[in-house]
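Step one of this worksheet: look at the structure below.
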Amino acid sequence: MGAAGIMMPALPAFSRSVSAEALLEPGLDVAVKKRLADAALNAAKSMGATYADVRIGRYLNQFVLTRENKVQGIINAESFGVGVRVIADGCWGFASVGDARNEAVVAQAAKTAVTIAKANARLLTEPVQLAPQKGFGDVSWKAPIKRNAFEVPIKEKVDLLLSANAAAMQNGANFVNNVLFQINEQKYFASTDGTYADQDIHRIGPNFTVTAVDPQSGKFSTRNSLSSPMGMGYDYLQVNPADKVTGVTTRYNKGYDMLEDITAAAKQAKEKLTAKSVEAGKYDLVLDPSHLWLTIHESVGHPLELDRVLGYEANYAGTSFATLDKWKSKDFNYGSKQVNLIADKTQLYSLGAVGWDDEGVKTKKWDLVRDGTLVNYQAIRDQVHIIGENESQGCCYADNWSSVQFQRMANVSLEAGKTPLSVANMIKDVKKGIYIIGDGSFSIDQQRYNFQFGGQLFYEIKDGQIVGMLKDVAYQANTREFWNSCVAVCDQSDYRLGGAFNDGKGQPAQSSAVSHGSATARFNGVNVINTARKI
Amino acid sequence: MAILTKEEAKKIIDKVLAYSKADEMSVSLSGNRTGNIRYARNSVSTSGESDNLALSITAVYGKRSGTATINEFDDASLEKTVRRAEEIARLAPENPEYMPMLGQQKYLDTKTYAESTAKIDPEFRATAAFNSIDPCRQKNLTAAGYMEDTTGFTSIGNSKGNFGYNRSTGVDFSITVRTDDGLGSGYANPDVNDVSKLNTKATTEIAMGKAMASAKARALEPGKYTVILEPTAAVELLQNMMRSMDARNADEGRSFLSKKGGGTRLGEKLFDERVTIISDPMNEELPLSPFGGGGGGGRFGGGGGDGLPQEKRTWIENGVVKNMYYSRYWADKKGVQPIPAPGGFILLGGTQSLADLIKSTEKGILVTRLWYIRAVDPQTQLYTGLTRDGTFYIENGQIKFPVKNFRFNESPVIMLNNLEALGKPVRAGGNLIPPMKIRDFTFTSLSDAV
């Protein structure tokens, strides 16, 4: 990500540009989708498939892009098609077809999938073992949105972004890039198990970068928004005092105040220019949920994906230190007793929440790490037998109708502390520490041992007091040492979600959106480096 | 059939432009066919193929533009899509940075297409995968790999009379080989336009050699070391730096090329005098699309951009910054010629091989791959990341033993000042990169990862 850069979510494959109004047109009627799905399932079975599932997907995206007082672009895109996955001769096969609106076309895709499965079966070392799954009949699920973002006039969105940009410029910013991403996945799933699930998934992500420049010194600094992408509608942009967490800077829960945050960001970007450069060494870190979500994502979410543990991602994302023998020992100490990490595909307002996953499993919540001990992984139907279970955990996902579904990360979160503890009281006990807010640079090795994280805002803590802003801060740690250095987690009243729109995995690469919740947590004696350089 | 000829493409584009009632109209017609095969644990996991053909129409009224896309090509559908683009444009907000479309341009005839790649079928992919898996099975090693082939074309045209067409092919193959005890890992990742230049067995054998040689690595203290970076290791750091050479960011004071007191560092010597970086779409080893811009050309020569022609350009010459990218808007504002970002770049080197570089090293570390590289500070181009898939200690001109992986924090700008030697460039990640010897490369911690 460059100086002016904001990470753009990629448009789904085969997206076509449409008008904003087209995003509000209804997709195919459920009865039509069911007819198409049955055509695919019957064709697959007639060709000898022992299992088949079909996903009929309509993916709608709207991006509003601005900088300073200009609208740089408005992108409205739609992608529609059908993906069919089968097991034949013990092997997976997959085929997809765009703009499929009649039975013959989807039946042909099913036949192609069976042909591919049979062709590849000769290269298999063992047949696919699929965990049994009962059929749920006709079911549906809808994201808990109060205001559909696609129904909000473009003008209202542009006005919000440009007024926020103006506030940034008035408060000392030299530049501001401000974007709003809105996504609606209309997914219909059907399988030979007898499930027909119609789901309506919404996500929203406001995101800005404010830049302050000091031409005299030739230095610049940035501050990104403290918003999070959410599984919500436009209601996320509804200002609500109850969703604000005040302190050294305001942070947000389920309602984001863009004007307030961008005003603070402009002032803080300027303040960063003259902030004290950190002295490298060991510090106690107090990590806000707007920061900690990314550390959870990289050092817990990814290493506990069973496909990585087994080696299926060895050529791309990597494998995992959390090998099966460690899990089998039942006493592998992942973190301190305070550390409870949970996977949850049902969490309200999260990016990963759905009713049924992309292989017809009803979603659920389960423990990964309990009282510091590794107790489980994230696994799907063709893997769960390896960890001795006979039901999938429901975390199978494909990013598009044209992509084949595979194991993706559930929302993975750190449970809030059971004992009442506020952030102010947590900081009070810290002698030499750094309070980090917002996510920044991130990097971790391919087995998830060694990581380095930056942030947006760094405050020095001395003898229980915040004494000023720091810059050039990054911390390096080993996953197990880090989670074992966790000495306290604030209570539920501080619990908030952070998240990623664009978690990449697989070849060809697929993107998925996932949230991570936590309350502010304290980690003792973490190695902090100074990142200042001269060129 | 997703791959149209130049004549077929021009016929459709001309038809679309004839329907236009807008002030200006541009059309981009592109198609591709991609196929892939993925394997892990010495067994095929997924495989697929897809065709795509899409026409994108942009209508402009004044400074308002609208785009509509279609994949049906009958007259009624084309006209309907033109009207849709015009309707979107009328409702769009003005873009004060809009630049009028380019008139007729002259494009180079680059050699980005190879018939051998266009002919790849599922059987070819299965055989390529088998040739990679089989030698690993025989040596009790585990292969995880991926091959993706693409054949495509892009054609652009507009109401000011411009027209361009380019066909391209590409193959990306990557292979990771791990020892059964999980203590060794090796990697190889060639990319070619012409699949006849790819041998998956020979490539896998390189990764196998690294996997076996990297097992039982010893820990060295982190710190500053002389390193030899193989091209696969160096490419991403250099590519990140090259992608940061945008003139507007530099003028605005938010780039490593911004100058203290204002302005840019164009014309300044920022690197060792042996550093010369060029781009050349006609290079035989790295042919690139003849047009592109804005976001740059595509990895395999695709990408329409705004139609600026790609030419041979020098970005850094003998350590001096010679050119930056100028969008058409920014170039107009600054009174200079627009320069598109290149689709790939070439760091000129010498004639020495990797083996020669190792031979001339008294003490150092051979880095074969860097991984999870992320920007830490865009001001100084500081990046962090880790070594992966084979890192080795060199003493008295010989590889002595494998070492555990390191995390690094380093800037390619500093790296290209601490240059000891450059070898012969080879293609890596869509660029031509020499193996290079760098002193004082900064490793900040150790990783247990294999």
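Each reported figure results from applying straightforward, stated rules to the coordinates on display, with no laboratory input. The structure displayed is predicted, hence computed values, not measured ones. Please note: Cβ atoms are built from the backbone with ideal geometry, for glycine as well, and neighbour counts cover all protein chains shown.
Some values worked out for this structure:
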| read-out | value |
| --- | --- |
| Relative contact order of the stretch B:6-213, pairs being alpha-carbon contacts under 8 Å that are 6 or more residues apart, as % | 22 |
| Peptide B:400-407, shielding by other chains (average Cβ, 10 Å cutoff) | 2 |
| Proximal lysines to residue B:201, defined as alpha-carbon separation beneath 19 angstrom and excluding residues fewer than eight positions away on the same chain | B:139, B:210 |
| Chain B: most fluctuating residue of B:199, B:95, B:32 per GNM, C-alpha cutoff 10 Å | B:95 |
| Shielding by partners - mean other protein chain Cβ count within 10 Å, residues of A:91-99 | 3 |
| For the stretch A:101-146 and the stretch B:204-218, distance of Cα centres in Å | 38 |
| The stretch A:16-209: Rg to Rh, with Rh as the Kirkwood radius over Cα pairs | 1.13 |
| Amide H contacts under 5 Å for residue B:391, placed H, 5+ residues apart | B:403 |
| Å³ per residue enclosed by the Cα convex hull of chain B | 148 |
| Efficiency of FRET from Cβ geometry, residue A:30 and residue A:367, R₀ 41 Å, rounded to 0.05 | 0.70 |
| Computed log₁₀ I(q)/I(0) - Debye formula, equal Cα scatterers, no solvent, the stretch A:277-530, q 0.09, 0.17 Å⁻¹ | -0.38, -1.28 |
| Highest-fluctuation residue, B:123, B:72, B:252 considered, GNM on chain B with Cα pairs under 10 Å | B:123 |
| Amide H contacts of residue B:188 (H built 1.01 Å from N, under 5 Å, at least 5 apart or other chain) | B:175 |
| Nearest-20 debye value, the stretch B:342-450 charge dipole, Cβ charges on Lys, Arg, Asp, Glu | 220 |
| Equivalent ellipsoid semi-axes, the stretch A:18-103, via Cα gyration tensor eigenvalues times 5, rooted, Å | 36, 15, 7 |
| Radius of gyration, Dmax [the stretch B:196-327; alpha carbons; angstrom] | 19.1, 55 |
| In sequence order, calculated HN-Hα J values of the stretch B:440-450 (Karplus, 6.51, -1.76, 1.60; Hz; x Gly/Pro) | 6, 7, 9, 9, 9, 7, 9, 10, 7, 5, 10 |
| Net dipole in debye of the stretch B:150-296 [+1 Lys, Arg Cβ; -1 Asp, Glu Cβ; about Cα centre; nearest 20] | 380 |
| For the protein assembly as shown, alpha-carbon Rg over 2.2 N^0.38 Å | 0.90 |
| Whole-Å semi-axes of the stretch A:368-444's equivalent ellipsoid (Cα gyration tensor) | 36, 19, 11 |
| Beta bridge orientation in the stretch A:16-209: antiparallel %, DSSP, nearest 5 | 90 |
| Of B:76, B:211, B:40, the one that fluctuates the most in a GNM where chain B has Cα springs shorter than 10 Å | B:76 |
| For chain A: relative contact order, % (alpha-carbon pairs under 8 angstrom, 6 or more apart) | 15 |
| Value of relative contact order over chain B, rounded to a whole percent, pairs C-alpha under 8 Å and six or more apart | 15 |
| Column: log10 I(q)/I(0), Debye, Cα scatterers of the stretch B:332-450, q = 0.14, 0.18 Å⁻¹ | -0.69, -1.08 |
| For the stretch A:167-180, Karplus couplings with θ = phi - 60° (6.51, -1.76, 1.60), whole Hz, Gly/Pro x | 4, 5, 5, 5, 9, x, 6, 8, 9, 8, 10, 9, 10, 10 |
| Semi-axis lengths, Å, chain A, gyration tensor of Cα atoms, sqrt of 5 times eigenvalues | 41, 29, 19 |
| Per-q log10 I(q)/I(0), the stretch B:184-258, q = 0.27 Å⁻¹ (Debye; single scatterer per alpha-carbon; no solvent) | -1.22 |
| Rounded D (µm²/s) - the stretch A:166-261, Kirkwood Rh over Cα pairs, Stokes-Einstein at 25 °C, 0.890 mPa s | 153 |
| Translational diffusion of the stretch A:84-165, µm² s⁻¹ [Kirkwood Rh, Cα pairs; Stokes-Einstein; 10 °C; 1.306 mPa s] | 92 |
| Rounded Å value of the spacing that divides the Cα centres of the stretch A:26-81 and the stretch A:484-535 | 32 |
| With Cα atoms, 0 to 90° folded angle of helix A:103-121 axis to chain A main axis | 80 |
| Using alpha-carbon coordinates, inclination of helix B:231-243 to the longest axis of chain B, degrees | 40 |
| Flagged links, alpha-carbon separation over 20 Å, of A:219/A:267; B:106/B:312; A:187/A:345; B:10/B:106; A:155/A:244; A:254/A:345 | A:155/A:244 |
| Whole-Å distance, taken between Cα centres, linking the stretch B:230-248 and the stretch B:123-198 | 22 |
| Cα-based Rg of the stretch A:320-408 normalised by 2.2 N^0.38 Å, two decimals | 1.16 |
| Table column - 3J(HN,Hα) (Hz), the stretch A:479-488, Karplus curve with 6.51, -1.76, 1.60, x for Gly and Pro | 3, 5, 4, 4, 5, 7, 8, 6, 9, 7 |
| Built amide H within the under 5 Å cut-off of residue A:488, gap 5+ | A:522 |
| Using alpha-carbon coordinates, inclination of helix B:122-138 to the longest axis of chain B, degrees | 10 |
| Lys, Arg +1 and Asp, Glu -1 on Cβ, resulting dipole of chain A about Cα centre, debye, nearest 20 | 660 |
| Average partner coverage of B:197-209, which counts Cβ from other chains inside 10 Å | 0 |
